[in-house]
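Following: one structure in structure tokens, then a few remarks.
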Amino acid sequence: MQGIIKAYNSLLRWMAVLSGVLIFASFLMIVVDVSMRIIGLKPPLFTVATVEYILLWFTMLAAPWLARIKGHVFIDAVTQFLPPAVKAVVAKIVYAICVVSCSIYAVHSYLLFDYAWERGLVDLRTVDMPQWIIYLPMPICFALVAVEFMRFLLGFDDMYDKTVSEREGV
């Protein structure tokens with residue numbers, strides 16, 4: 001079991017690293033595109049479409065890791081003032097809603113992926129991209145985010161264990 005947990009944690013870290021590489025690649029592509037325009041050269045046509053694909057991919061790849069480290073956006077303005085017993089119940093309800101929501105998104109995005117794969121759909125822009133590539137990270141990453149919220153639901157971790165000031169180091 002420890003090997004599975006270690007492999008899972010490693011997968012989340014590598015997905016986050018790949019997300020960072022993609023962010024940097026999109027940054028470089030934008031800098032090159034703008035620089036070429038400034039000096040009067042014609043930039044590559046694929047830059048805009050590729051950066052749009054990267055935006056989706058790096059968001060999806062980073063999501064499970066962000067849920068793991070509690071780096072995602074969540075609002076605890078109400079829960080921080082609740083008594084501990086009520087806060088625990090509200091937290092479990094929130095976790096359950098998140099697990100169900102992410103699971104629905106995982107299934108739906110898998111169906112989109114499968115539909116695009118079976119029909120050989122192509123996204124026609126400056127770069128002809130098979131649509132299944134666009135959808136590929138979505139079912140995987142939504143499923144992994146559901147796993148992370150399931151960890152919270154089952155009590156392995158608590159999303160609300162620190163106040164905002166403790167999380168932000170204030």
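The values are calculated or read from the model by the stated rules, or taken from the named source; none is laboratory data. Remember, predicted model here, so these are calculated numbers, not experimental data. A quick note on method: Cβ atoms are made from the backbone with ideal geometry, for glycine too, and the neighbour counts reach across all protein chains shown. Calculation scope for accessible area: heavy atoms of the full protein, side chains included, ligands and nucleic acids excluded. Shrake-Rupley method; radii C 1.70, N 1.55, O 1.52, S 1.80 Å.
Brief remarks on what is shown
- Contacts under 6 angstrom Cβ, first residue in the stretch 41-63 being open to solvent by 50 Å² or more (accessible area, probe 1.4 Å), partner assigned to a helix (DSSP H, G or I), 6 or more apart: Trp57/Leu22; Trp57/Pro137
- Each residue in the stretch 142-162 was checked for being surrounded by 14 or more Cβ atoms within 10 Å (Cβ to Cβ) and over 23 Å from Ile104 (Cβ atoms), and 2 pass.
- Residue count for the stretch 117-132 under the criterion of being touching a residue at least 12 places away in the same chain (Cβ under 8 Å) and open to solvent by 50 Å² or more (accessible area, probe 1.4 Å): the result is 4.
- Qualifying residue in the stretch 97-113 (condition: out of contact with any helix residue (DSSP H, G or I) (no Cβ under 7 Å at 6 or more places or on another chain) and outside any helix (DSSP H, G or I)): no
- Candidates are the residues of the stretch 64-116 that are among the small types (Gly, Ala, Ser) and at pLDDT below 85; the one that is surrounded by the fewest Cβ atoms within 10 Å (Cβ to Cβ) is Ala77.
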